[in-house]
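The values are calculated or read from the model by the stated rules, or taken from the named source; none is laboratory data. What you are looking at is a predicted structure, and each value in this text was computed from that prediction instead of being measured. All Cβ positions, even for glycine, are placed from backbone atoms using ideal geometry, and neighbour counts span all protein chains on display.
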Amino acid sequence: MNERWETVIGLEIHAQLSTRSKIFSGAATLYGAPPNASACAVDLGLPGVLPVINAETVRMAVSFGLSIGARIASVSVFERKNYFYPDLPKGYQISQYELPIVTDGSVEIRGTGCAPRRIHIVRAHLEEDAGKSLHEDFHGMSGIDLNRAGTPLLEIVSAPDLRSAQEAVEYARNVHELVRYLEICDGNMQEGSLRCDANVSIRPTGATELGVRTETKNVNSFRFLERAIEFEIARQIEILESGGKIVQETRLYDPDRDETRPMRQKEEANDYRYFPDPDLLPVVLDTAYIERLRAALPELPNAKRKRFAQVYDLADSDTAFLTISRELADYFETAVAAAGGHAKLVANWIMTELTGAMNRDGLVLTDVRVGPAALGRLVARIADGTISGKIAKQVFERIWREGGEPDAIIGADGLRQLTDTGAIEALVDAVIARNPDQIAQFRAGKQKVIGFLVGQVLKSSGGKANPKTVNDLLRAKLADG
């Protein structure tokens, strides 16, 4: 980063709320429907129709506000935001402006390259989404799909508190994680369920006045968000250092060319001619309603991480991984209970074997055959010496492919670990007799040879000999010899 310049970033995150119907109509929000199959008269703003607020969207917005320690407005108002696009059928968008439902919260960021600190969230307001313009396979023309029109959004607006692309991504990841924990948004960025607009400006280091900003719209992956911001920082620095001026404008990120390009001049609030929507009453919330939602909040990610560290004595890197989602955190705790403890061993198996198999086969947690109780019982058999870690991996793969219970597979396949010292001693003696060169090397000071010898004993036992017993017996015999 050029030390002459300071970067200033604010993010607007649009989270599509996980309701079955739209924010002001009963039309379905199902993704992937045929074009214009889920757009009703209310979504299109046809004469004589009236919008009605979906109560679930209010609940979800309030839950989010409570989770970030924000103020919940006792009265919030919907307004018409007037502008024209072909995919905005009414010629205006119903949104919130002067009196949003959520104000003045914060999210803590902590991650690689980011000093722990809180990012101020200025507001989070409810609004409807627009439709979508399609520019492919129309013989030089564009098509309009209005299925998305009226889909409920929660727009989450940060203060310009972020100072690098890495911080912006970490903040976006935290918001993404939070809305998924609250189960108010599925966070599927590929389907557009969560999109980011990045407001980027630069100023001379030490200056307090904000520079002219650009807004890069609708970025739908964390990697693209980081790349778009880094490109925009470099572009603005180059312009200013060559004596030019930044134009306040809206830009789009092109991932194929890894660049942002102009879309239109950036509008100001007065360009939208906001005014209260005459068809919608103010949203009035009483204290009892807000407190009921506060009591219903789940354990949130930061609180869960702290509890995992204290209760299970896990490192920060472990707790960060295990709390990526509520589903994974619940899986971990169920597995630990089934294992009778051994939290670190369970965590290791989840982070290596389970995650590795999921990535290899392209599965998500809800699709796997190895349930948390089965994984816990498998870990318990390692911990009590019934099987070795190597045998456990064979059992895991069997359950992964076919399902089943660890104890049944261990018993049926004769996989119990060999713990009879006499039987293991016979295997050790045979390996010593077969490998005189390696024995000589060990006695000459090459300690690493012991690993080869242990491996030979384990191989001859079919992987069933207890590795610690093998190691102890080998060292004792070689010391005596």
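Take the residues of the range 339-362 that are surrounded by 14 or more Cβ atoms within 10 Å (Cβ to Cβ) and of a type in the set (S, T, N, Q): which is nearest to the chain's Cα centre (by Cα)?
The residue in question is Thr355.
Can you name the residue in the range 1-26 that is outside any strand (DSSP E or B), of a type in the set (A, V, I, L, M, F, W, C) and at pLDDT 95 or above and is also nearest to Leu210 (Cα to Cα) among such residues?
So, considering only residues that are outside any strand (DSSP E or B), of a type in the set (A, V, I, L, M, F, W, C) and at pLDDT 95 or above, the one nearest to Leu210 (Cα to Cα) is Leu17.
In the range 285-305, which residue that is touching a helix residue (DSSP H, G or I) at 6+ places or on another chain (Cβ under 8 Å) and closer than 14 Å to Ala329 by Cα is surrounded by the most Cβ atoms within 10 Å (Cβ to Cβ)?
Pro301
When you scan the range 71-87, do you find a residue that is at pLDDT 95 or above, farther than 12 Å from Leu126 by Cα and of a type in the set (Ser, Thr, Tyr), even just one?
yes
I need the full set of residues from the range 193-214 which are without any contact (Cβ under 8 Å) to a residue 60 or more places away in the chain and either over 28 Å from the mean Cα position of the chain (by Cα) or in a helix (DSSP H, G or I) (or both), in order please. Quick ask: steps written out before the conclusion?
Going through the range 193-214, the residues without any contact (Cβ under 8 Å) to a residue 60 or more places away in the chain turn out to be 208-209, 212, 214.
Matches in the range 193-214: Thr208, Glu209, Val212.
Given the criteria touching a His at 6+ places or on another chain (Cβ under 9 Å), among the β-branched types (Val, Ile, Thr) and closer than 23 Å to Arg264 by Cβ, does Val157 qualify?
Yes; evaluated as a whole, the condition is true for this residue.
When you check Glu425 against the structure, is it more than 50 Å from the chain's Cα centre (by Cα), within 28 Å of Ala380 (Cα to Cα) and touching a residue at least 12 places away in the same chain (Cβ under 8 Å), yes or no?
Taking the combined requirement at face value, the residue satisfies it.
Enumerate the helices (runs of 4 or more DSSP H) found wholly within the range 290-365, keeping only those where 3 or more residues are of a type in the set (Gly, Ala, Ser).
Filter on the range 290-365 gives 326-339.
Each row is one residue, and each column tells you yes or no for (1) assigned to a loop (DSSP other than H, G, I, E, B); (2) within 15 Å of Trp5 (Cβ to Cβ).
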position: Tyr171; (1), (2): no, no
position: Val175; (1), (2): no, no
position: Cys185; (1), (2): yes, no
position: Glu226; (1), (2): no, no
position: Glu230; (1), (2): no, yes
position: Ile246; (1), (2): yes, yes
position: Arg257; (1), (2): yes, no
position: Thr260; (1), (2): no, no
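Residues in the range 68-87 that are buried (at least 21 other Cβ atoms within 10 Å of the Cβ) and polar (S, T, N, Q): how many?
1
Can you pull out the residues in the range 388-408 that are closer than 24 Å to Lys459 by Cβ, surrounded by fewer than 18 Cβ atoms within 10 Å (Cβ to Cβ) and either small (Gly, Ala, Ser) or more than 31 Å from the chain's Cα centre (by Cα) (or both)?
Gly389, Lys390
Quick one: what pairs do we get from the range 314-334, first residue in contact (Cβ under 8 Å) with a residue 12 or more places away in the chain, second in a helix (DSSP H, G or I) and acidic (Asp, Glu), C-beta under 8 Å, 6+ apart or different chains?
These pairs meet every condition: Ile324/Glu177; Ser325/Glu177.
What number of residues within the range 309-324 are farther than 17 Å from Arg110 by Cα and either of a type in the set (S, T, N, Q) or buried (at least 17 other Cβ atoms within 10 Å of the Cβ) (or both)? Full working, then the answer.
First, the residues of the range 309-324 that are farther than 17 Å from Arg110 by Cα: 310-314.
Those still in the list that are either of a type in the set (S, T, N, Q) or buried (at least 17 other Cβ atoms within 10 Å of the Cβ) (or both) too: 310, 312, 314.
Qualifying residue count for the region: 3.
Taking the residues in the range 367-387 that are hydrophobic (A, V, I, L, M, F, W, C) and not in a loop (DSSP other than H, G, I, E, B) as candidates, determine which candidate is surrounded by the fewest Cβ atoms within 10 Å (Cβ to Cβ).
That would be Ala383.
Look at the range 152-182 and say how many of its residues are in contact with a Ser or Thr (Cβ under 7 Å, 6 or more places away or on another chain) and surrounded by fewer than 24 Cβ atoms within 10 Å (Cβ to Cβ).
Selection size over the range 152-182: 5.
Which condition number does Lys132 fail, the rest of (1) at pLDDT 95 or above; (2) surrounded by fewer than 22 Cβ atoms within 10 Å (Cβ to Cβ) being met?
It fails just one condition, (1).
Within the range 13-33, restricting attention to residues that are under 16 Å from Leu178 (Cβ atoms) and of a type outside the set (A, V, I, L, M, F, W, C), which residue is surrounded by the most Cβ atoms within 10 Å (Cβ to Cβ)?
In the first step, residues of the range 13-33 are kept if they are under 16 Å from Leu178 (Cβ atoms); the result is 13-18.
Now restrict to residues that are of a type outside the set (A, V, I, L, M, F, W, C): 14, 16, 18.
On the way: His14: 19, Gln16: 24, Ser18: 18.
Restricting to residues being under 16 Å from Leu178 (Cβ atoms) and of a type outside the set (A, V, I, L, M, F, W, C), the top hit is Gln16.
Based on this model, can you work out whether Glu127 counts as part of a helix (DSSP H, G or I), in contact (Cβ under 8 Å) with a residue 24 or more places away in the chain and touching a Ser or Thr at 6+ places or on another chain (Cβ under 8 Å)?
Taking the combined requirement at face value, the residue does not satisfy it.
Of the residues that sit in the range 56-87 and are in contact (Cβ under 8 Å) with a residue 24 or more places away in the chain and among the aromatic types (Phe, Trp, Tyr), which one is nearest to Thr103 (Cα to Cα)? Full working, then the answer.
Filtering the range 56-87 for residues in contact (Cβ under 8 Å) with a residue 24 or more places away in the chain gives 56-83, 85-87.
Narrowing further to those that are among the aromatic types (Phe, Trp, Tyr): 64, 78, 83, 85.
Working: Phe64: 11, Phe78: 15, Tyr83: 25, Tyr85: 29 Å.
For the range 56-87, the residue satisfying everything is Phe64.
Tell me, which residue of the range 215-224 that is part of a helix (DSSP H, G or I) and farther than 15 Å from Arg261 by Cβ is farthest from the chain's Cα centre (by Cα)? Spell out the reasoning first.
To start, the set of residues in the range 215-224 that are part of a helix (DSSP H, G or I) comprises 222-224.
Subsequent filtering for residues that are farther than 15 Å from Arg261 by Cβ retains 222-223.
Numbers: Phe222: 10, Arg223: 13 Å.
This residue is Arg223.
Which residue pairs have Cβ atoms closer than 7 Å, lie 6 or more positions apart in sequence or on different chains, and pair a first residue in the range 274-285 that is under 19 Å from Val62 (Cα atoms) with a second residue that is part of a loop (DSSP other than H, G, I, E, B) and among the small types (Gly, Ala, Ser)?
Hits for this filter: Val284/Ser74; Leu285/Ser74.
Taking the range 34-61 as the search range and keeping residues that are closer than 19 Å to His125 by Cβ and of a type in the set (S, T, N, Q), which one is surrounded by the fewest Cβ atoms within 10 Å (Cβ to Cβ)? If you could, list the steps in order and put the result at the bottom.
Filtering the range 34-61 for residues closer than 19 Å to His125 by Cβ gives 51-61.
If we keep only those that are of a type in the set (S, T, N, Q) as well, we get 54, 57.
Values: Asn54: 22, Thr57: 24.
This residue is Asn54.
Let me spell it out: the conditions are (1) closer than 28 Å to Ser38 by Cα; (2) surrounded by fewer than 20 Cβ atoms within 10 Å (Cβ to Cβ), and Asp258 meets all of them except one. Which number is the exception?
(1)
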